[in-house]
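Heads up, the thing below is written out as structure tokens.
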Amino acid sequence: MSEQKKTPGRIRGTGTRRKKPSRRHRTKAVAAWTVAGVVVVGGAGLGYAYVTLDGNLSSIDIDAKLGDDRPDDVDDGSQDILVLGSDSRSGDNGKYGADEGAARSDTAMVLHVDKGHKTASVVSIPRDTLIERPSCASDTTDETVPAAHRAMFNTAYEVGGPACAVKTVESMSGIRMDHYVEVDFTGFEKLIDELGGVEITTRTAINDSKSHLDLEPGTHTLDGEESLGLVRTRKSVGDGSDLGRIQLQQAFIKALMEQAKSVGVFSSPQKLFGLADAATKALTTDSGLGSVKKLTGFANGLKELGAENVHMVTLPVEYDPADPNRVLPQEEAGKQVWAALQQDRPIPASATEKSAGDQGDAGQVVR
């Protein structure tokens, strides 16, 4: 993809089960919730050892796959990034479950950075949200996957890969995604370990047989495996739904950002390289971020963001009366959320106050 002639710092990015993806794609999985931390801890360190770090990166040409049928490219200095993770269990990720030869987006967040790069909003999209999925080019064949009514959000990635996930989010929001980022299980663990762990405080005990996490109330420094367990925990917090897990993920992102700031990663070349090496090995990006030089410029523009400047919400949803295991978007409230991002202003509290995703107490488990 050619460089866009845009204002500096704004680089354009980009149910049947999917056939088993290529090895390169199979190794890219979940932990999307770490994007804020990846940006903060990886940015400044990506500037040296270009050859080594460039070889770590994988990228996808989203623009070429989607063409011109997209929302307007509004170049006002703000940025919108789709951060996606999948539930792939292939390769090194097999220890987290059986590889069924398919991948679906387990976690999705839209990160909006304001035009001054001083504040940001994160909108989590529940994977079980029933949506109108647009038609997409298949990720594994030359065929087009037809549009679908009441499709789960995470099937977009399953049937059409990253480009279909981007197209679906753009269809839902009316906002063009500037970039796309994925992080995998193993890369997530290594990044946290390289950082020296993340300190969190639990208000109540967490004992989750699915995520294999066992924590008593109190302050803990979680290593990579424990951190992954926390952000995968669902059954033992809140109402046991994916909405509760999203609240845990959002709390963890805040802690990760604070940890990255506190350990002096921008003053230690050795620490910077270790973090940059781990971050670039963990990432799959759109081709607009597919080199160390591009990723460096992007990340350096965001490194002043602190946890206190990032507002996190869940897309307003309600439980589906026909199936309590699914959720439906609250149409009018959702319009308020997307309009706020389009207009580069804070998301109003009124947009989420009646959302099922804002009612649970899982977010109070960790601080």
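The values are calculated or read from the model by the stated rules, or taken from the named source; none is laboratory data. Keep in mind it's a predicted model, so treat the numbers as computed, not measured. Heads up, the Cβs are rebuilt from the backbone with ideal geometry, glycines too, and the neighbour counts pull from every protein chain shown. The protein model used for the area step is the full one, side chains on, heavy atoms only, and it has no ligands, DNA or RNA in it. Shrake-Rupley method; radii C 1.70, N 1.55, O 1.52, S 1.80 Å.
Using the structure shown, decide if A333 is assigned to a helix (DSSP H, G or I), surrounded by 18 or more Cβ atoms within 10 Å (Cβ to Cβ) and either modelled with pLDDT under 90 or on the phi > 0 side of the Ramachandran plot (or both). Talk me through it step by step, then tell me what you get.
Values: assigned to a helix (DSSP H, G or I): yes; surrounded by 18 or more Cβ atoms within 10 Å (Cβ to Cβ): yes; either modelled with pLDDT under 90 or on the phi > 0 side of the Ramachandran plot (or both): no.
It is false that A333 is assigned to a helix (DSSP H, G or I), surrounded by 18 or more Cβ atoms within 10 Å (Cβ to Cβ) and either modelled with pLDDT under 90 or on the phi > 0 side of the Ramachandran plot (or both).
Filtered by the rule that a residue be part of a strand (DSSP E or B) and either over 21 Å from the mean Cα position of the chain (by Cα) or among the acidic types (D, E) (or both), the stretch 137-162 gives A137, T144, V145, A148, H149, R150.
The residues of the stretch 336-357 that are open to solvent by less than 10 Å² (accessible area, probe 1.4 Å), assigned to a helix (DSSP H, G or I) and modelled with pLDDT under 95 amount to a single one, G357. Say whether the condition of being part of a strand (DSSP E or B), crowded, with 21+ Cβ neighbours inside 10 Å and hydrophobic (A, V, I, L, M, F, W, C) is met by at least one residue in the stretch 276-284. Taking every residue of the stretch 276-284 in turn, at least one turns out to be part of a strand (DSSP E or B), crowded, with 21+ Cβ neighbours inside 10 Å and hydrophobic (A, V, I, L, M, F, W, C).
Evaluate the stretch 278-291: report whether one residue or more is modelled with pLDDT under 90 and more than 18 Å from the chain's Cα centre (by Cα). Within the stretch 278-291 (the criterion being modelled with pLDDT under 90 and more than 18 Å from the chain's Cα centre (by Cα)), the answer is yes, since at least one residue qualifies. Scanning the stretch 110-152 for residues that are buried (at least 19 other Cβ atoms within 10 Å of the Cβ), more than 23 Å from S241 (Cα to Cα) and of a type in the set (V, I, T) yields V113, V145. Scanning the stretch 307-330 for residues that are small (G, A, S) and surrounded by 17 or more Cβ atoms within 10 Å (Cβ to Cβ) yields a single hit, A307. The set of residues in the stretch 289-318 being within 28 Å of M152 (Cα to Cα) and not hydrophobic (A, V, I, L, M, F, W, C) consists of H311, T314, P316, E318. Do we find a residue being out of contact with any helix residue (DSSP H, G or I) (no Cβ under 8 Å at 6 or more places or on another chain) and under 22 Å from F252 (Cα atoms) anywhere in the stretch 127-149? Scanning the stretch 127-149, I find no residue that is out of contact with any helix residue (DSSP H, G or I) (no Cβ under 8 Å at 6 or more places or on another chain) and under 22 Å from F252 (Cα atoms), so the answer is no. Only residues that are open to solvent by less than 30 Å² (accessible area, probe 1.4 Å) and either among the small types (G, A, S) or not in a helix (DSSP H, G or I) (or both) were counted across the stretch 57-69, and they come to 3.
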